[in-house]
1. Can you give me the number of residues within the range 17-42 that are in a loop (DSSP other than H, G, I, E, B) and either touching a Cys at 6+ places or on another chain (Cβ under 6 Å) or crowded, with 19+ Cβ neighbours inside 10 Å (or both)?
2. For Asn68, all conditions in the list (1) more than 30 Å from Asp135 (Cα to Cα); (2) of a type outside the set (A, V, I, L, M, F, W, C); (3) surrounded by fewer than 18 Cβ atoms within 10 Å (Cβ to Cβ) hold save one; what is the number of the exception?
3. Considering only the range 73-112, state which residues are under 26 Å from Phe162 (Cβ atoms), in contact with a Gly (Cβ under 9 Å, 6 or more places away or on another chain) and buried (at least 16 other Cβ atoms within 10 Å of the Cβ).
4. Go through the range 1-16 residue by residue and tally those that are among the hydroxyl-bearing types (Ser, Thr, Tyr), more than 26 Å from the chain's Cα centre (by Cα) and either assigned to a helix (DSSP H, G or I) or under 17 Å from Thr69 (Cβ atoms) (or both).
5. Please work out which residue is modelled with the lowest pLDDT, limiting yourself to the range 36-79 and to residues that are in contact with a helix residue (DSSP H, G or I) (Cβ under 7 Å, 6 or more places away or on another chain) and under 22 Å from Leu146 (Cα atoms).
6. Quickly run through the range 123-147 and pick out the residues that are buried (at least 16 other Cβ atoms within 10 Å of the Cβ) and of a type in the set (Asp, Glu).
7. Among the residues of the range 149-175, how many are of a type in the set (Ser, Thr, Tyr) and under 27 Å from Val92 (Cβ atoms)?
8. Being among the β-branched types (Val, Ile, Thr) and in contact (Cβ under 8 Å) with a residue 40 or more places away in the chain is the filter here, so list the residues in the range 131-175 that pass it.
Amino acid sequence: MSPDWIRILLLVLSGMLNAVGFFGLFLVFFPGLTISWLGHLVWVIYVGFNQGHSQTQFGLTIAFFVINTLLMLVGSLLDNLLGAKKTRDAGVPWWEILVSFLGMLIGGIFLTPIGGIAVALGLLYILEYRRLNNDREKAWAATKALAFGYGLAAGIRLVMGFVMVCLWLVTVIFL
């Protein structure tokens with residue numbers, strides 16, 4: 001293969017990984033930030049982090065990749081941390097949060113990602129309802145806290161994914 005075809009092939013592969021990663025953020029269990037990061041990794045390895053270019057290009061290429069790496073790591077932990085924190089703030093015991101999370105994983109595998117969320121919320125409501133002596137309002141408040149935590153994390157991850165794709169684009173187009 002000629003170097004031009006290799007460049008085009010790797011650019012398309014890198015772009016597809018970024019696109020799939022970003023749009024995958026709309027799915028619950030899809031590691032969209034990690035997939036986008038892999039797309040950036042493919043490109044920077046191919047161009048050698050722009051080492052043969054000016055020091056500014058080389059430095060910016062490394063800086064953008066480091067930023068994307070940090071966004072990917074933080075965003076990957078964010079879902080579980082924000083969901084658990086909001087739920088813990090509502091007074092829910094850790095064991096219920098864990099059972100709810102496991103329900104989401106299992107439900108997501110068998111009932112689609114949306115089904116996994118429904119299982120997690122339903123489980124938490126039932127567990128809280130029983131633990132709180134059939135108090136519907138408190139059980140509902142805990143369930144809303146979990147939903148809000150996951151929703152907030154999803155919104156933040158979407159913004160992070162957008163920033164990651166933009167940094168990759170700047171690296172490809174301008175550096």
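1. Applying the first criterion (in a loop (DSSP other than H, G, I, E, B)) to the range 17-42 yields 25-31.
Applying the additional criterion that residues be either touching a Cys at 6+ places or on another chain (Cβ under 6 Å) or crowded, with 19+ Cβ neighbours inside 10 Å (or both) yields 25, 28.
Residues in the range 17-42 being in a loop (DSSP other than H, G, I, E, B) and either touching a Cys at 6+ places or on another chain (Cβ under 6 Å) or crowded, with 19+ Cβ neighbours inside 10 Å (or both): 2 in total.
2. The one condition Asn68 does not meet is (3).
3. Result: Gly75, Asp79, Leu82, Gly83, Ala84, Lys86, Met104, Gly108.
4. Summing the residues that are among the hydroxyl-bearing types (Ser, Thr, Tyr), more than 26 Å from the chain's Cα centre (by Cα) and either assigned to a helix (DSSP H, G or I) or under 17 Å from Thr69 (Cβ atoms) (or both) in the range 1-16 gives 0.
5. Asp79
6. Glu128
7. Number satisfying all stated conditions: 1.
8. The answer is Ile156, Val163, Val165, Val170, Thr171, Val172.
The values are calculated or read from the model by the stated rules, or taken from the named source; none is laboratory data. Source: prediction; values computed, not measured. We place every Cβ from the backbone using ideal geometry, glycine too, and count neighbours over all the protein chains shown.
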